[in-house]
Every structure is written in C-alpha cells, then in structure tokens.
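*Asks:* Encoded as structure tokens, here's the structure I'll be asking about.
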Amino acid sequence: MYVLSESHAISISYKDQVAETQKIQCYTFSSLTIGFCDEALLTISNTKSKYDVLGDDNLLMIDAQNTEYMIHYTRAQKTFAFDEYIIYLGMSENSFNWISPIEELQTGFIANLSYNGSRIGDLVSNEIRRLPQRSSFQIHKLGLNLYKDINLSSKIVYFYDIDLMYLKTRDYHQFNSSPNHNIRLKTGVKYKHKNLSVSLSGSLYKNNLIGYEDISFNQRSEHHFDSNFGLVNASIKYSF
C-alpha cells in the first residue's frame, strides 16, 4: 500500500488459490449413468497409463488453480451515504484440468452404439462440452466499494459494505450464459468493549460468487451463477 495523504491510498493485492482435487465416481450423460456407483448402467476402464491416477473406482478427476491481481484506489470521505469508497481494477487467471476415460467413448465401437435413440458418442461429446475447459481463461473486473459505520451507541456500531462489480471474460468458452456483473451487500452490527470485539453480519450476492471466488466458476458450474447466494458471519476477537 502507498499512502498518498491522510484520506487517499493506492494498494496492490495478489491472491493464489489451488482447489482440492475432485474425484468423481459416476457421471450422467442425459439419462445414461457411467461409472462405479450403484446407479451406473455402464462401467468403463482403460489400460492407458495416463488414467492410472484415477485408481480403481474413479471415473473423473478435476484440478483447478486461480491467480488474481488487483489495484485499489481508496478514499476516506465521510458523507451521509458512506465513510470511504474504493475503486478497483482486477484480473484473474483461471486454470482447470481434468482426466477421464470417458473421452475414449467419443470414437470406436461403443461410440456407435445407441441409447434411447442417441449415439453414445454424441451423448458423451455433448456432455464433455460442459466440463471445465483445459485452456486457461481470464476474468477482468472493474468495481466500486462503499463502506459506512453508523454509531447506535458508544459500544454498538451498525455497518454496511456494498460492492458493485462489472465483469468481462477473455478466452472463456461459454456453455450457455454467464452474468457480466455482481453485487455484494454485507451488513451487520459490531460490539466493542475495551479489548473485546463481537460482530454478527450477513452477506448477500446477486449472482452467486462470480467475481469473488473465481475458482468456483467454469462450464460445469456456470448454471449456478444466475442465482443469489448468502452467508451469515459471526466473529469474536480479543486483543491482548
């Protein structure tokens, strides 16, 4: 952070996330379930060495990583609506990788078999489009954050934190549709007494966590990001 004056500052942030590897036993293509669960109508395996990492009872394995860079301009300015505002620019690089022998079902003898009037190869190819793309893609962000404290008493403070974000993807292969913005409202109360601080708050996101937790966004999860998402937060802090 570089402080320009008592009320102005510029800061740069960096975030790196690596997701825990997902291992999936079964996958459903239309109404055809393939894998190693009880519901599976078809079980497949492959002797190629690259599939050894799946073990004996996993059909699919997915890995993910996200790196984000942001620059923020912060201005402290007490008004009726806010005490400070932040304007920020950001870019996240998102990388996904997956491995599964279901790819082998797009060609060959099994691919030409029919299931409920459709070629198994066509069913598999259509569903593979819904898996995370293996080439990296970016999400560019422009946002405005407003924060306000309102003293209810000498020890109790009500606060709200509003974040407005515009999003633009680059090199992302959209499956159906994804939002180009998100809004987050965090609000609650804080109690402070000497060295003790207690807070209770809630957060509401208009379009799930897109723009805030980009590692959760890909073709497989895309359909969840047009829905609201909420959190309830509680904390107790004692300073020594």
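What follows is calculated from the coordinates using simple rules that are stated; it is not laboratory data. All of these numbers come straight from a predicted model, not from anything done at the bench. Note that each Cβ is placed from the backbone with ideal geometry, even for glycine, and that neighbours are counted across all protein chains shown.
*Asks:* Could you state, as a whole-number percent, how many of the C-alpha pairs of the range 111-186 are farther apart than 20 Å?
*Replies:* Within the range 111-186, distances greater than 20 Å cover 62 percent of Cα pairs.
*Asks:* Here is a further query. Within 12 Å, Cβ to Cβ, of Ser45, how many net charges do the neighbouring residues add up to if Lys/Arg are +1 and Asp/Glu are -1? Please report the intermediate quantities before stating the final value.
*Replies:* Values: positive: Lys48; negative: Asp52, Asp56, Asp57, Glu104.
Charge balance in the 12 Å sphere: -3.
*Asks:* Taking the alpha-carbon distance from Lys15 and a cut-off under 18 Å, which lysines remain once sequence neighbours fewer than 8 residues away in the same chain are dropped?
*Replies:* Lys141
*Asks:* Something else about it: Report D for the range 1-95 in µm² per second (integer): Stokes-Einstein, Kirkwood Rh on Cα pairs, 10 °C, 1.306 mPa s.
*Replies:* 89 µm²/s
*Asks:* Find the percent of Cα-Cα distances in the range 2-238 that exceed 30 Å, and round it to a whole number.
*Replies:* Within the range 2-238, distances greater than 30 Å cover 44 percent of Cα pairs.
*Asks:* Beta carbons within 10 angstrom, averaged per residue: use that to sort the peptides 121-129, 76-84, highest first.
*Replies:* Sorting 121-129, 76-84 by mean packing, highest first, produces 121-129, 76-84.
*Asks:* Take the alpha-carbon centre of the range 1-79, take the same for the range 170-193, and report the distance between them in whole Å.
*Replies:* A separation of 17 Å, based on Cα centres.
*Asks:* Here's a follow-up. Give a residue-ordered list of calculated ³J(HN,Hα) values for the range 76-92 (Karplus: 6.51 cos²θ - 1.76 cosθ + 1.60, θ = phi - 60°; whole Hz; x for Gly, Pro).
*Replies:* For the range 76-92, the Karplus curve yields 8, 7, 6, 9, 5, 9, 7, 9, 8, 9, 10, 10, 9, 10, x, 8, 10 Hz.
*Asks:* Quick one: compute the contact order of the chain, relative version, from alpha carbon pairs under 8 angstrom and 6+ residues apart, as a percent. Walk me through the numbers before you get to the answer.
*Replies:* Details: 535 pairs, mean separation 33.9, N = 240.
Relative contact order of the chain: 14 percent.
*Asks:* Here is a further query. Using a Gaussian network model of the chain whose springs link C-alpha atoms within less than 10 Å, name the residue from Asp16, Asp38, Asp56 with the highest mean-square fluctuation.
*Replies:* Asp38
*Asks:* With the Cα gyration tensor of the range 124-240 giving a ≥ b ≥ c as the square roots of its eigenvalues, does the rule (a/c under 1.5 for rounded; else a/b larger than b/c for prolate; else oblate) give rounded, prolate or oblate?
*Replies:* Details: a/c = 3.24, a/b = 2.66, b/c = 1.22.
Note, shape of the range 124-240 comes out prolate.
*Asks:* Another question about this same structure. Using a cut-off of 13 Å between beta-carbons, work out the net charge of the residues near Ile110 (Lys and Arg +1, Asp and Glu -1, Ile110 not included).
*Replies:* On the way: positive: Arg119; negative: Glu103, Glu104, Asp122.
Surrounding charge for Ile110 is -2.
*Asks:* Give the aspartates and glutamates whose C-alpha is closer than 16 Å to that of Lys168, dropping any in the same chain fewer than 8 places away, or say none.
*Replies:* Glu68, Glu93, Glu213, Asp214, Glu222, Asp226
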